[in-house]
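Computed from the coordinates by the stated procedures, all read-outs in this text should not be read as laboratory data. Keep in mind that what you see is a predicted model, and the values were worked out from it rather than measured. Every residue, glycine among them, receives a Cβ derived from its backbone with ideal geometry; neighbour counts consider all protein chains shown.
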Amino acid sequence: MPTTRPKRLSPRTADPRRLYEAAVQCPEAEIDFVDSTFRKITGRRAALLREDFCGTAATACEWVRRRPTNHAIGVDLDPSALAWSKANHVAGLTDDQRRRLRLKKGDVRTPTKAEQGVDIVLAMNFSYWCFTTRESLVAYFRTVRKSLAKGGVFFLDFFGGWEAQKILTERKRCKGFTYIWEHAHYNPITADMTCHIHFEFPGGGAIRKAFTYHWRLWTLPEVRELLVEAGFRDVTVYWEGDDGKGGGDGVFRPNTKGEVCASWIAYLSAR
Ligand SMILES: C[S@@+](CC[C@H](N)C(=O)[O-])C[C@H]1O[C@@H](n2cnc3c(N)ncnc32)[C@H](O)[C@@H]1O
């Protein structure tokens, strides 16, 4: 039987959004965490989820695949990311799953009535760090709170540790390419930071600055305080367990002490 060799990835053939998803996202694990945590803290199952800053909406798609009673809304400013999602994710959903998903080109700060009354709002991959002042971040948190149905929960993620402030480059080998995360700029006075994602290929060549983020490196106490200022009464931090080899084990549990380490990732819930 004739066989075709899988095409080698190169700067010319690779799709940066596909590489991004393969390197940094795991929507199944994210939805496992969000779904079970929502149930633990509210005693019921969530049905309507809004993914803010959804990009390619991989997580919203996973939500509608999870249960036939699940509905999702993905919101992003970038029409090209939403178009990519439609061609690459939504096209692979069943008709029923597709009917339960809506992608909206819009600003997460100005949700319409149709994007409110949701059980869960997600703001993942640190995307809310694009709001770089206390005023703008608390204003966003207030609109999220107003968007939640009674008993609804807001989930966010967070990274920290002393390496977060360092100018550094981290490399991770992925299938067919290397993912590179760069802290290119950090201003200790304003906490403004610029990060880039680059991709390199085994046959040579690279996609430099495939994605760039201009963020404020918030601290966890600041974000917790701003959530409370926005009206959330119950804010919980979920800290990742240890894999025994100096890394995280992917299991996040409520925690009030944390652990002093070079870099860490946490989830927060607010309600
Ligand atoms: C880091 S990507 C996150 C993609 C995806 N949520 C993830 O978890 O990987 C940030 C996304 O936020 C979007 N974005 C930035 N500011 C926004 C705003 N004010 N309203 C809606 N989307 C915004 C960008 O277009 C981009 O797709």
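Any residue that is out of contact with any Ser or Thr (no Cβ under 6 Å at 6 or more places or on another chain) and charged (D, E, K, R) - is there at least one of those in segment 175-186?
Looking through segment 175-186, at least one residue is out of contact with any Ser or Thr (no Cβ under 6 Å at 6 or more places or on another chain) and charged (D, E, K, R).
Regarding segment 112-124, can at least one residue be identified that is under 21 Å from THR212 (Cα atoms) and either without any contact (Cβ under 8 Å) to a residue 12 or more places away in the chain or surrounded by fewer than 19 Cβ atoms within 10 Å (Cβ to Cβ) (or both)?
So far as segment 112-124 goes, no, none of its residues is under 21 Å from THR212 (Cα atoms) and either without any contact (Cβ under 8 Å) to a residue 12 or more places away in the chain or surrounded by fewer than 19 Cβ atoms within 10 Å (Cβ to Cβ) (or both).
Filter segment 116-149 down to the residues that are within 11 Å of the ligand (Cβ to nearest atom) and within 22 Å of ARG45 (Cα to Cα) and list them by number.
Those that are within 11 Å of the ligand (Cβ to nearest atom) and within 22 Å of ARG45 (Cα to Cα): LEU122, ALA123, MET124.
Residues of segment 158-206 being of a type in the set (Val, Ile, Thr) and crowded, with 18+ Cβ neighbours inside 10 Å, which ones?
Of segment 158-206, the ones of a type in the set (Val, Ile, Thr) are 167, 169, 178, 180, 189-190, 194, 197.
Once the filter is applied, which keeps residues that are of a type in the set (Val, Ile, Thr) and crowded, with 18+ Cβ neighbours inside 10 Å, segment 158-206 yields ILE180, ILE197.
Under 6 Å between Cβ atoms, at least 6 apart or on separate chains: pull out the pairs that start in segment 230-253 with a residue that is free of Cβ contacts under 8 Å to residues at least 12 places away in the same chain and end on any residue that is in a strand (DSSP E or B).
These pairs meet every condition: ASP243/ASP249; ASP249/GLY241; VAL251/GLY241.
Filter segment 233-251 for residues that are among the hydrophobic types (A, V, I, L, M, F, W, C) and within 23 Å of LEU148 (Cα to Cα); which is farthest from the chain's Cα centre (by Cα)? Working first, answer last.
Initial filter on segment 233-251 (among the hydrophobic types (A, V, I, L, M, F, W, C)): 235, 237, 239, 251.
So of that shortlist, the ones also within 23 Å of LEU148 (Cα to Cα) come out as 235, 237.
On the way: VAL235: 18, VAL237: 16 Å.
Per the stated criteria, the residue is VAL235.
Here is a list of conditions, (1) in contact with a Lys or Arg (Cβ under 8 Å, 6 or more places away or on another chain); (2) more than 13 Å from the ligand (Cβ to nearest atom), and PRO11 meets all of them except one; can you say which number that is?
So the condition that PRO11 fails would be (1).
Looking at segment 41-53, can you tell me whether even one residue there is of a type in the set (Gly, Ala, Ser), surrounded by 15 or more Cβ atoms within 10 Å (Cβ to Cβ) and more than 9 Å from the ligand (Cβ to nearest atom)?
If we filter segment 41-53 for residues that are of a type in the set (Gly, Ala, Ser), which is where we start, we get 43, 46-47.
Subset that is surrounded by 15 or more Cβ atoms within 10 Å (Cβ to Cβ): 46-47.
The next check asks that each one be more than 9 Å from the ligand (Cβ to nearest atom); those that pass are 46-47.
For segment 41-53, residues of a type in the set (Gly, Ala, Ser), surrounded by 15 or more Cβ atoms within 10 Å (Cβ to Cβ) and more than 9 Å from the ligand (Cβ to nearest atom): present.
Output the number of the condition that ALA87 fails; it satisfies all remaining conditions of (1) without any contact (Cβ under 8 Å) to a residue 24 or more places away in the chain; (2) buried (at least 19 other Cβ atoms within 10 Å of the Cβ).
ALA87 satisfies all of (1) without any contact (Cβ under 8 Å) to a residue 24 or more places away in the chain; (2) buried (at least 19 other Cβ atoms within 10 Å of the Cβ) except (2).
For segment 94-115, which residues satisfy the criterion of being more than 9 Å from the ligand (Cβ to nearest atom), assigned to a loop (DSSP other than H, G, I, E, B) and either of a type outside the set (Ser, Thr, Tyr) or closer than 19 Å to GLU30 by Cβ (or both)?
ARG100, PRO111, listed by residue number.
Looking only at residues in segment 161-219 that are assigned to a strand (DSSP E or B) and of a type in the set (Gly, Ala, Ser), which one is farthest from LEU19 (Cα to Cα)?
First, the residues of segment 161-219 that are assigned to a strand (DSSP E or B): 168-174, 177-186, 192-200, 206-216.
From the residues that got through so far, the ones that are of a type in the set (Gly, Ala, Ser) too are 184, 206, 210.
Details: ALA184: 20, ALA206: 12, ALA210: 10 Å.
Per the criteria, the residue is ALA184.
Being touching a strand residue (DSSP E or B) at 6+ places or on another chain (Cβ under 8 Å), among the basic types (Lys, Arg) and loosely packed, with under 13 Cβ neighbours inside 10 Å is the requirement here; does ARG253 meet it? Step through it out loud before you land on a result.
Working: touching a strand residue (DSSP E or B) at 6+ places or on another chain (Cβ under 8 Å): yes; among the basic types (Lys, Arg): yes; loosely packed, with under 13 Cβ neighbours inside 10 Å: yes.
In short, yes.
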